[in-house]
Structures are given as structure tokens and as C-alpha cells.
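Below: the structure, in C-alpha cells.
The values are calculated or read from the model by the stated rules, or taken from the named source; none is laboratory data. If you're wondering where the values come from, they're calculated on a predicted model, not measured in any experiment. Neighbour counts are summed over all protein chains in view; Cβ atoms, including those assigned to glycine, are modelled from backbone coordinates with ideal geometry.
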Amino acid sequence: MTVTTQAPASHIGLEQIEAAREVIKGRVVRTPTIAAPKLSELTGAEVYIKCENLQFTNSFKDRGALVKLASVSESEARRGVIAMSAGNHAQAVAYHARRLGIPATIVMPEHTPFVKVANTEAFGAEIILSGSGLYEAQTRAVEIAEQRGLVIVHPYDDPLIIAGQGTIALEVLEDVPDLDMIVVPVGGGGLIAGNAIALHALKPSLAVIGVSSAACPSMHAALTGEAVVCSEQTLADGIAVKAPGKLTLPIVKALVSRIMLVDEPAIERAICALLTSQKIVAEGAGAASLAALLTEPEQFRGRKLCLYLSGGNIDPRMLASVVVRGLERDGKIVSLRLTITDQPGVLGRVATILGTSGANILEVFHRRTLLDVPARGATLDLMIETKDKAHALQAISKLETEGFQVSRLEGWGGRVIGAR
């Protein structure tokens, strides 16, 4: 059975994107483009956010998935569709396929976060876990499509998917017509390609900046001719794609001003900034656009720009970890190790000193059996809450003034990084 294909990329233009908008009208969320004054103050740019995390499946993937599914014939719909995805595309295909009465099979990499697998299953799709990444999942999906006669709903390398994602640009320009720039997360390139096409047609002076994870810089490498090495250890798993699309790459090359790379600490800081400043939950890929501003603020200072917050499907456990790490990075949570004499009242003294300094004790771990302390001594590991780094240093100074030997720990229970 031959896998269903679509028209070549040259057939994607503003007309196709406007037609896609008619397909999704009233069937996906017309998400807001909101001003972000606190992020503007933080970065020096006039920042707006396109909140695609507010889609029903919490990512922009709803758009392209629906446009593609709405195009299949009755006979194709009876046989069903198949998609490969690490999560967001899977959920979008499963959700809209159920709404349209189309059987859906989703091939997901074996190590896909549990929350994304569970969410996709909840929409009634058949889930097949296969391979270590999207490339291996795609190979398996193609095999199954040929065996069963299923239509492949590719996550990014399909003209209808690209056109569907491009509908975001139409909404953004309606909301903020005088933008200078948009900043868009980039994996396989479907999102940025569709938006670049629409914006080039409607406002060619507007700069389109792409952002990829430095842990998987496939689009950047494809444009520069560099070899690409991808790591699975990235928060931005939604854009951790080993190779860009064959359709999307020439579009990006022709219409995108630059592809920036951001590292993991910048992505963590962006997730925390969105949560604390805007009360917005973003996954790693969704926060990549803000990570670019935090990484190179001088490149954006004074510009009026829109950040594409592409999704909010982050594992709650991972979000909690990122938030705590952010508080530690800002000095609002500090982990300390004290060497103390093993005598009655010492713990009380420590608690009193910290209390009078205004620090709050969150965790205590008291150990007597470590061989690197005297037999009559003990170590006391503390996690304390402070206002900021200066306040933390004040609390540590008070402990040292009272005769305690204090070392900072790199994270709770982590290695000693020296006094202070």
C-alpha cells in the first residue's frame, strides 16, 4: 500500500494558510497574544506572548493536526491514520481524530514522559512505543502505515501541517500589527516555516528568529553544514528532532533571519520566569523563545516582539524540580553543611541564629557516622529559605560569627562547593 502524500512545498503560500484558517475556525482555540510587561522589564524588549499553551491539548499542534485530518477521504478515514510523536503532536492527532471519528495509531519513542503517553491514550488512540527517538518511531510508523493502508500525519514535514501552523501568524498580526520580530521554537521546522511564509507575504520587514536547543541543534546544523549530535538530556524534548524536514528546511533557509541555540540553564530560567512573572506554565520547548532573550538580551533590546509559547505540556515532577533549582540558582533556597560538636543544644543554637537572621529552615539532616568528621562531632545539612543571595550570605555570616564551620552544597544533599 502506498503511503498517502501531499502537494510539494512550493504549493504552500498565504492562500493555503488562509484556507487552513477556515478549516480550524471554531474548532481550535483562537489563542490570545498578551503583553508581558514584567518580561519586557527583565529583557529590555517590548515583549508579547502568543499563548498556544491554551489550546485544548496545550500546544500549537492542534492546528496542523486538524487541517491534515480534515483533508482525508472517507475511505482513508475508515482505515485510519498514524502519527509519530514524542507527545504534543500525538495528543493533537489523537484528540482531533476522535472528534472526527477516525481511528488513530500513535508511535511514540520508548522513553516518552508518562504524562504525554497517558494523555494520548485518554483520547482513545492506539499507542505503540518503539525506538529511542522520533527517527526510530517514524521508521516504525511508516512500516505500519504500509501494512495497514493508513494515512501518515507527519508532525512537521507536510504542506497541510505547515499551513495549519502558519495560521498563528495571521492571529498575531491581527493582535499586534506593528511588531518588529517574532521568536519561534524550532524542531523539525513546521511551526516556523508556516509562520515565516505568512509573515513574508503580509509583512516582509518583520524578522523571524528561530530558537533550538543546543542539545539537539539539527536545524542550525543543517543550515550551517555542521555535523549534528543530539542528546536526549534536554528539557526541550518537543524540539529535540534529529533532522529537519525536507519541506521545511528550504523555507527556513529562505525566510528565517537566524536560528539561535540556547542551553539547558537558559531554558530552566525561562520556564521559571514565565511561571513567576506571568503565571504561565510552559514546557521546555515552549520556553525556548524566552530563553533566547535571556541568553542574548542585547540582540532584542528595544525591539517590539512576540514570543511563541508553543506548548505547556511539562511533567509536574519536572516542573517542580525546575522551580526548586531556579530558587536555588537565585539564592532563595540555599543548601548548607555545618560541622558541629555532638552536644545537647547545638541544633537549637543553629535554629535560633537562622531564625533571628530571618531565614526559614526547610529541611534538616543530622549525621554522626561520617568518617571525615571527629568521633565527637557531626555534620548538619540544612536547606534554608532566604529573600535573595545577599540575605543568604548574611545568614551564613551569622553562623560563622558564632563559630560554626559552614560550606555551601550544590543542591540538596549535593557536593560541597566551598565556604559560601
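Residues in the range 59-85 that are out of contact with any strand residue (DSSP E or B) (no Cβ under 6 Å at 6 or more places or on another chain), surrounded by fewer than 24 Cβ atoms within 10 Å (Cβ to Cβ) and part of a loop (DSSP other than H, G, I, E, B): ALA70, SER71, SER73, GLY80. Return only the number of the condition from (1) more than 22 Å from GLY64 (Cα to Cα); (2) under 20 Å from the mean Cα position of the chain (by Cα); (3) of a type outside the set (S, T, N, Q) that LEU223 does not satisfy. All conditions pass for LEU223, except number (2). Restricting attention to the range 216-261, which residues are touching a Ser or Thr at 6+ places or on another chain (Cβ under 7 Å), within 18 Å of ILE314 (Cα to Cα) and not in a helix (DSSP H, G or I)? Result: THR234, ALA236, ALA240, VAL241.
Name every residue in the range 292-320 that is more than 13 Å from VAL47 (Cα to Cα) and among the aliphatic types (A, V, I, L, M), in order of residue number. The answer is ILE314, MET318, LEU319, ALA320.
Got at least one residue in the range 53-74 being without any contact (Cβ under 8 Å) to a residue 24 or more places away in the chain, closer than 23 Å to GLY245 by Cα and not assigned by TED's automatic domain parsing to the domain that holds GLY311? No.
Of GLU136, GLU146, which residue is out of contact with any helix residue (DSSP H, G or I) (no Cβ under 9 Å at 6 or more places or on another chain), in a helix (DSSP H, G or I) and within 24 Å of VAL229 (Cβ to Cβ)? So the residue among GLU136, GLU146 that is out of contact with any helix residue (DSSP H, G or I) (no Cβ under 9 Å at 6 or more places or on another chain), in a helix (DSSP H, G or I) and within 24 Å of VAL229 (Cβ to Cβ) is GLU136. Among the candidates ALA137, ALA163, the residue that is surrounded by 24 or more Cβ atoms within 10 Å (Cβ to Cβ) and over 25 Å from LEU235 (Cβ atoms) is uniquely ALA163.
For the range 88-101, the criterion of a residue being over 23 Å from ASP315 (Cα atoms) and crowded, with 24+ Cβ neighbours inside 10 Å is satisfied by at least one position.
Among the residues of the range 229-250, the ones that are of a type in the set (Val, Ile, Thr) and surrounded by fewer than 24 Cβ atoms within 10 Å (Cβ to Cβ) come to 2 in all. Looking at this structure, is ILE49 closer than 30 Å to ARG301 by Cα and either in the same structural domain as ASP178 (by TED's automatic domain parsing) or in contact with an Asp or Glu (Cβ under 9 Å, 6 or more places away or on another chain) (or both)? Yes; evaluated as a whole, the condition is true for this residue. Which residue is nearest to ALA137 (Cα to Cα), if the candidates are limited to the range 219-228 and must be surrounded by fewer than 24 Cβ atoms within 10 Å (Cβ to Cβ) and touching a residue at least 12 places away in the same chain (Cβ under 8 Å)? Ranking the qualifying residues of the range 219-228, first place goes to VAL228. Given the criteria surrounded by fewer than 21 Cβ atoms within 10 Å (Cβ to Cβ) and assigned to a helix (DSSP H, G or I), does ALA19 qualify? In short, yes. Residue selection: VAL176 fails the criterion of being β-branched (Val, Ile, Thr) and out of contact with any Lys or Arg (no Cβ under 8 Å at 6 or more places or on another chain). Mind checking which residues of the range 326-341 are small (Gly, Ala, Ser) and either closer than 14 Å to GLU363 by Cα or part of a strand (DSSP E or B) (or both)? Hit for the range 326-341 is SER335, nothing else. Taking the numbered list (1) crowded, with 19+ Cβ neighbours inside 10 Å; (2) closer than 28 Å to ARG30 by Cβ; (3) of a type outside the set (Phe, Trp, Tyr) in turn, ARG269 passes all entries but (2).
Quick one: would you say ALA282 is assigned to a loop (DSSP other than H, G, I, E, B) and in contact with a strand residue (DSSP E or B) (Cβ under 6 Å, 6 or more places away or on another chain)? When the stated conditions are applied, ALA282 passes them.
Of all residues in the range 173-205, those satisfying the criterion of being β-branched (Val, Ile, Thr), within 20 Å of the chain's Cα centre (by Cα) and not in a loop (DSSP other than H, G, I, E, B) are ILE182, VAL183, VAL184, ILE192. Determine if the range 265-278 includes at least one residue that is of a type in the set (Asp, Glu) and part of a loop (DSSP other than H, G, I, E, B). No: zero hits. Put simply, of GLY166, GLY187, GLY194, GLY131 the only residue that is touching a helix residue (DSSP H, G or I) at 6+ places or on another chain (Cβ under 7 Å), touching a residue at least 12 places away in the same chain (Cβ under 8 Å) and at positive phi is GLY131.
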